[in-house]
Amino acid sequence: MGPSRRIRYEYEAPVCIWRIRITKTGITKYMSHLDFIRTVERSARRAGLPLTLSGGFNPRPRMSFSPALPVGVSSHSEFVDLFLKESVDIDVASWKLNKSFPSGIRVIASRILSPNVSALSAVIEAASYRLALHAEVKIDPGSIAKAVTEILSEDSIEIVRTTPKGTRRINLRPLIYDIRTEPENLPLSVYSVVASGSSGNVRILDLADIILKFAGIRNNGVFMDITREGLYKFCNESLCLPW
Amino acid sequence: MEIDLKLLERLLVNVEKPIRYVGGEWNAIKKDHDCVDVSVLLAFPDTYEIGMSHLGLRILYSILNKRNDVACERTFMPWIDMYKAMTDAGIPLYSLESRIPAGEFDIIGFSLQYELSYTNVLAMLDLADIPLFSTNRSESDPLVIAGGPCVYNPEPIADFMDAILIGEGEEAIEEIIDVCKEVKGKRLSRKEMLKEYAVIPGIYVPSFYKVHYYPGGNIKSIEPENSVAQYPVKKRAIKDLSQIHYPDDIIVPNTEIIHDRAVLEIFRGCTRGCRFCQAGMIYRPVRERQPNSIIGLAERLLDNTGYDEVSLMSLSSADYPYIYEVCKDLLDKYKNQGISISLPSLRVDSFSVELAKEVQRGKRTGLTFAPEAGTERLRNVINKGVTYDDLITAATHVFSEGWHSLKLYFMIGLPTETQDDVSGIVDMAMETLARGRSELKKAGIKKRPEITVSVGSFVPKAHTPFQWQPQMPREELIEKQVYLKKHLRARGLRLTWHDVNASFLEAVLSRGSRRLSRVIEYAYHQGCKFDSWDSELRFDKWMDGFQAADISPEFYGNTKWEYDRILPWDHINSGVSKEFLMREAEQALHGMFTPDCRLGQCPDCGVCKHLGILPKTTSKT
């Protein structure tokens, strides 16, 4: 007897990865990334999916997530990799998982992939967002349209980013791939595609601040509903979903 | 009317952890209020994370929502930032499920788990736009009720409550609903309505009792004012847990809460008889669940929640006769699924260590032992049957099994305490640390032992043998803390202690009479909220309140009371007789140990006789 009795779990090799694209809408937009991870984990367990466990003393179901969303931002495009010990029928598995998710989270597409595919964090390079002004906000839509035009005409838009390692200045302009207003959405929305990932990243709340700054509006944080619409990788200069 | 989510969202973007204010959790139940007869709002006067960790709330939520004629929803005390934002925006306290203002419910039930949450009760009533005092409420206001351990001395909050339930709520809450259904259509006056509730066994309607005082504040008498008022009010208790619904579909919060796991109550009550412990008196007798029922419930809980951990809860889980078998069964069943078991409140013995070893096969969290006092003499006084050797043997076992962190819980300011007893805490902690070093070395583990010594201050509680005892003056408690800080210094040793001001307030409110309602009201109006949070406690405001009301807090907190004095809670009957408590108080002073009745000898505490309930144990034969 002695400390040797403590059990170290073996890492289980997955036979496949089930990559799902899920929403994070409604009240679930207020979940932190950690809350979201825990919720997906518990939902997958309730759904009875054949998850593999990580090894070690405290085995956890193996999953990996696309980049974190800020609290308060909705999404139609969160990606999660579930490492499974047996393959599943994706229609049945999606149905089971949807029944187990709290309202606001839903599988909208999925693929079974080989366990050797590149990790989500390595694949994702860009994200698209829609920033919608609240209907009751009295802002001249023209000022937003003008801000967007000005942003496009700038060569450099610098922001100061504070990290635990210190502060540094970053030029966000080259990381904004596309930005345009959508006058057809009332009162107005802005759609933008920006860099997202390890080789360049635009925080969406920074972009929202920049738009408001260019429009000359003081941001008190209640002006916009922000939704992540898509996450992409580049395929020959064009965007495609990370399947 | 439902509060508009868009309106709320303007607040949510600017507060910490907005997810706490929107509900929508797995297993939460939202019903159409037009399709039920009675709506009940369970209100917990602390944050979401604390309130959602509370088992009683989950049990009542489940029992009430099982009924088709009831919609039961939840609300918690919004944190400071949200409270202010709601006040500024004119948004009232609302329920998480339907976002309906608290004031529109038929019944609001507060769970009172600790005295320092009283100002939050007032803050919530105020935010709900409900008059703070029962006498000021009109026919259109909800029925405001309370329950929980604090109500064994209901007097300090009596004036704020329309009715108070003494004891266990599972059966009584259904009777309250039935009465509510009956009175709803009758257009009774508030007083007439309360009379209907007052006849439910265990229900205390404070406004139906008159307290007479001697000059100086001593109570002369407590008298019922009408024929429906029960005297005494005897606590409600469940005869047999297996006959009562237990929730296997508990809500899974959308954010991490304090006890973030499936909770399974394996037995209720504890008869070890620690003389300071209120839970050990008021939850008597012991009623155990059957082992196979525990296994079945655990499976359903895990399936329905997706939690990876189940807590086998009770006041002393190692006392459950089949605890080892139940744990082993569950662990074998969930082998390779990453499911773990947690056991709160372990005893100081080797069996508990073996048990912890079994349940913490993989993940290891620290262990906690509670010797409570530093010497054999004082442990006899408090009836904590733990010896020095018990602790050192158990601690040695802990380290030899490879744990490297251990928490020890002690109290200072216990009745009869001397300097020797305080030094004893230092001796025990130091010896434990030394054992830790040698055992870890012997086992070839390169980690340093970590001992956390947590020192609380004794607070006299109603319905315990120490209810007549004073709390030690704050200056003396501080001296003892300073002594411990000075002497408990070593590598790997950490000392934590409780704020003496908070403990003092707790003592005053624990033994307070109805006169204190004015002080609570004053403190609340001066901005006191979240008094149990060290960062929020505004002790000076409370002291101003005592002065304004011309009440000496020391009279309630620091004075030894004679046996013949009428206690503020003398009209409340916990089942445990006052004679037993007095006998135990005397035994304590003589250092005489009273064994647990489960070992065969009945100490005649009176609970079985008074309640007509026998201990229900699954004893091994």
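The values are calculated or read from the model by the stated rules, or taken from the named source; none is laboratory data. Treat the numbers as computed from the prediction; the structure is a model and nothing was measured. In this analysis, Cβ positions are derived from the backbone assuming ideal geometry, glycine residues included, and neighbour counts consider all displayed protein chains.
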**Complete:** Result of the Cβ filter at 8 Å on region A:32-53, keeping first residues that are touching a residue at least 24 places away in the same chain (Cβ under 8 Å) and at the interface with chain B (Cβ under 7 Å from one of its Cβ atoms) and partners that are assigned to a helix (DSSP H, G or I) and surrounded by fewer than 21 Cβ atoms within 10 Å (Cβ to Cβ), at least 6 apart or interchain, is A:43/A:100; A:46/A:100; A:46/B:303; A:46/B:304
**Request:** Take region B:298-327 and flag every residue that is more than 14 Å from chain A (Cβ to nearest Cβ), part of a helix (DSSP H, G or I) and within 18 Å of residue B:54 (Cα to Cα).
**Result:** B:298, B:317
**Message:** Take the residues in region B:429-479 that are β-branched (Val, Ile, Thr) and within 21 Å of the chain's Cα centre (by Cα); name whichever of them is nearest to the other protein chains (Cβ to nearest Cβ).
**Reply:** B:455
**Request:** Taking residue A:192 as the residue in question, decide whether it is surrounded by 16 or more Cβ atoms within 10 Å (Cβ to Cβ), among the polar types (S, T, N, Q) and outside any helix (DSSP H, G or I).
**Result:** yes
**Request:** May I ask you to list the residues in region B:588-621 that are in a helix (DSSP H, G or I) and crowded, with 16+ Cβ neighbours inside 10 Å?
**Result:** B:588, B:597, B:598, B:607, B:608, B:610, B:611
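Condition check ((1) within 14 Å of another protein chain (Cβ to nearest Cβ); (2) small (Gly, Ala, Ser); (3) surrounded by 20 or more Cβ atoms within 10 Å (Cβ to Cβ)) across all residues:
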residue	(1), (2), (3)
B:226	no, no, no
B:232	no, no, no
B:247	no, no, yes
B:293	no, yes, no
**Message:** Of everything in region A:54-70, what is in a loop (DSSP other than H, G, I, E, B) and more than 9 Å from chain B (Cβ to nearest Cβ)? Give them in sequence order.
**Reply:** A:55, A:62, A:66, A:67, A:68, A:69, A:70
**Message:** For region B:576-603, which positions are in contact (Cβ under 8 Å) with a residue 24 or more places away in the chain, in contact with a Cys (Cβ under 9 Å, 6 or more places away or on another chain) and within 15 Å of residue B:284 (Cα to Cα)?
**Reply:** B:576, B:577, B:580, B:581, B:596, B:597, B:603
**Asked** What strands (runs of 3 or more DSSP E), lying completely within region A:71-174, carry at least 3 residues that are in contact with a Pro (Cβ under 8 Å, 6 or more places away or on another chain)?
**Response** A:74-84
**Residues of region B:70-94 satisfying the condition of being charged (D, E, K, R) and either without any contact (Cβ under 8 Å) to a residue 24 or more places away in the chain or under 18 Å from residue B:169 (Cβ atoms) (or both)** = B:73, B:74, B:84, B:88
**Request:** State which residue is farthest from residue A:43 (Cα to Cα) when the search covers only region B:1-10 and only residues that are surrounded by 16 or more Cβ atoms within 10 Å (Cβ to Cβ) and more than 9 Å from chain A (Cβ to nearest Cβ).
**Result:** B:3
**Asked** Across region B:156-196, what is the total count of residues that are in contact with a strand residue (DSSP E or B) (Cβ under 8 Å, 6 or more places away or on another chain) and not β-branched (Val, Ile, Thr)?
**Response** 16
**Asked** Which one of these does residue A:13 not meet: (1) more than 7 Å from every other protein chain (Cβ to nearest Cβ); (2) at pLDDT 95 or above?
**Response** (2)
**Request:** Check region B:329-344 and report whether any residue there is buried (at least 19 other Cβ atoms within 10 Å of the Cβ), at pLDDT 95 or above and either out of contact with any strand residue (DSSP E or B) (no Cβ under 9 Å at 6 or more places or on another chain) or part of a strand (DSSP E or B) (or both).
**Result:** no
**Complete:** Selection from region B:12-46 of residues more than 14 Å from every other protein chain (Cβ to nearest Cβ), assigned to a loop (DSSP other than H, G, I, E, B) and of a type in the set (D, E, K, R) yields B:31, B:32, B:37, B:46
**Item:** Extreme residue, farthest from the chain's Cα centre (by Cα), among residues of region A:18-46 that are crowded, with 20+ Cβ neighbours inside 10 Å and aliphatic (A, V, I, L, M)
**Value:** A:44
**Item:** Those helices (runs of 4 or more DSSP H) lying entirely in region B:486-569 with at least 3 residues free of Cβ contacts under 8 Å to residues at least 24 places away in the same chain and either exposed (fewer than 15 other Cβ atoms within 10 Å of the Cβ) or not hydroxyl-bearing (Ser, Thr, Tyr) (or both)
**Value:** B:539-548
**Asked** Quick check: is even one residue across region B:574-587 closer than 19 Å to residue B:516 by Cβ and crowded, with 18+ Cβ neighbours inside 10 Å?
**Response** no
**Message:** over 25 Å from residue B:523 (Cβ atoms) and of a type in the set (Gly, Ala, Ser): is that true of residue B:85 in this structure?
**Reply:** no
**Prompt:** Out of A:108, A:90, which single residue is touching a strand residue (DSSP E or B) at 6+ places or on another chain (Cβ under 9 Å), surrounded by fewer than 19 Cβ atoms within 10 Å (Cβ to Cβ), aliphatic (A, V, I, L, M) and closer than 30 Å to residue B:29 by Cβ?
**Reply:** A:108
**Request:** Please tell me if residue A:116 is more than 13 Å from every other protein chain (Cβ to nearest Cβ) and free of Cβ contacts under 8 Å to residues at least 24 places away in the same chain.
**Result:** yes
**Request:** Kindly indicate whether residue B:384 is of a type in the set (Lys, Arg) and closer than 22 Å to residue B:594 by Cβ.
**Result:** yes
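Conditions tested, residue by residue: (1) of a type in the set (A, V, I, L, M); (2) within 14 Å of another protein chain (Cβ to nearest Cβ); (3) out of contact with any Ser or Thr (no Cβ under 9 Å at 6 or more places or on another chain).
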| site | (1), (2), (3) |
| --- | --- |
| B:336 | no, yes, yes |
| B:344 | no, no, no |
| B:351 | no, no, yes |
| B:376 | no, no, no |
| B:386 | yes, no, yes |
| B:407 | no, no, no |
| B:410 | no, no, no |
| B:415 | no, no, yes |
